[in-house]
1. Counting only other residues whose beta carbon sits under 14 Å from that of LEU241, what net charge do I get with K and R as +1, D and E as -1?
2. Using a 1.4 angstrom probe with every protein chain in place, what is the largest-first accessible-area order of TYR287, TYR122?
3. Would you give the gap between the C-alpha center of region 23-97 and the C-alpha center of region 227-304, rounded to a whole Å?
4. Give me the accessible area per residue for region 10-317, probe 1.4 Å, as a whole number in Å².
5. Can you list residues whose amide H is under 5 Å from THR87's amide H, if they're 5+ apart or on another chain and H is modeled 1.01 Å from N?
6. If Lys and Arg each add +1 and Asp and Glu each add -1, what is the summed charge of the other residues whose beta carbon sits under 9 Å from the beta carbon of VAL211?
7. Using a 1.4 angstrom probe with every protein chain in place, what is the largest-first accessible-area order of ILE253, ILE286?
8. Each label point is 7 Å from the Cα along the Cα-to-Cβ direction; what then is the distance between the points at VAL198 and THR87, in nm?
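The values are calculated or read from the model by the stated rules, or taken from the named source; none is laboratory data. Worth saying up front: this structure is predicted, and the values here are computed from it rather than measured. Cβ placement follows ideal geometry from the backbone for every residue including glycine, while neighbour counts extend to all protein chains displayed. Please note that ligands, DNA and RNA were not included when accessible areas were found on the heavy atoms of the full protein model with its side chains. Shrake-Rupley method; radii C 1.70, N 1.55, O 1.52, S 1.80 Å.
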Amino acid sequence: MSGIQTNTTVGPQYRGLLELVLSSIPITLPCLVFLYINGVMLFTLRSKPVLRETCRYILLYNLLFADDLHLTLSQLLYFLTFRIRLTYPVCGVLIMFSYLLADISPLTLVVMSLERYVAVCYPLRHSTVVTSRNTAVAIVVIWAFSSLNVLARLVLLLHFPFENLQTLQMTAMCSPQAMFLNPVSEQYDQVYTYFLFVSAGVTVIASFIGVTIAATSASTDKASVHKARKTLLLHLFQLGLSLLSTLYTPLFIAISAVVDRISALHTQIALYVVVIMLPRCLSALIYGIRDNTIRPILMYYLCCQRKFSVVLKEAEVST
């Protein structure tokens with residue numbers, strides 16, 4: 001009898017462990033690869049004076065830094081919620097940090113779009129408007145604005161009567177939706193999300209239109225205009241992906257309700273990689289490949305130092 005009890009106990013535990021390992025591999029491996037690329041990109045942006053002192057690269061560093069922290073936190077939340085049920089305070093702290101980091105990307109993309117607009121439409125004033133000091137102020141404002149959003153969410157959360165709960169242990173997985181403990185929190189989240197992404201989208205589109213109009217001027221550098229337009233379109237695409245990431249949990253819950261457990265697990269992995277992970281890794285890939293200043297230095301530090309040493313020297317001479 002004791003042998004049967006041991007088998008029935010170990011069997012589900014073994015299956016649960018095996019399921020955790022198999023479901024973690026498709027997520028952990030891409031995450032480690034992307035974190036490595038982003039980490040090398042961050043190191044690259046601090047490796048040369050021309051990259052440390054150029055405003056658009058300073059903004060890119062801020063974007064990558066926040067994306068790396070957000071990706072790491074998302075990975076931590078994935079593993080925690082898969083194995084254990086968190087308490088409301090622990091989940092609340094993790095979700096608030098997630099909100100803080102998630103807002104940095106769209107806000108930084110807005111500032112980067114405005115920088116490209118000034119560079120193309122007002123080239124003579126660019127060096128006086130877009131300075132290292134003004135860029136630092138913009139970054140501080142970005143983090144302060146995101147912190148105010150977290151503070152507002154925290155105030156709404158503290159108004160919930162936790163003393164009426166029998167236990168602080170959560171019955172559902174830790175997610176932003178699980179922390180909507182009253183209707184006001186959910187309404188605030190919807191209003192803030194719409195406001196943030198509509199404002200950011202309008203700003204990027206307006207910058208794109210301004211750059212397009214500037215292309216008709218005979219005195220405008222056509223090559224720089226074409227490159228700026230492509231950059232702004234990529235920024236708009238990144239904004240769309242960032243907005244899509246806010247729908248991860250509702251999409252997963254809706255799909256899980258109509259499919260079996262194995263299909264739900266596969267769906268969760270696919271949604272996580274496409275909706276959560278991919279938007280946080282595009283910046284390094286986009287700028288690492290497209291930017292002529294960054295590309296040779298990035299490739300040098302990534303893996304092929306000897307092969308790209310000559311290219312790197314040529315890039316340093318050209319800059």
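1. Working: positive: ARG280; negative: ASP67.
Around LEU241, the charge tally is 0.
2. Details: TYR287 25, TYR122 105 Å².
Descending accessible area places them as TYR122, TYR287.
3. Answer, in whole Å: 12.
4. Working: 16090 Å² over 308 residues.
With all protein chains present, region 10-317 gives 52 Å² per residue.
5. MET170
6. Local charge sum for VAL211: +2.
7. Values: ILE253 95, ILE286 25 Å².
Putting ILE253, ILE286 in descending order of accessible area: ILE253, ILE286.
8. 4.0
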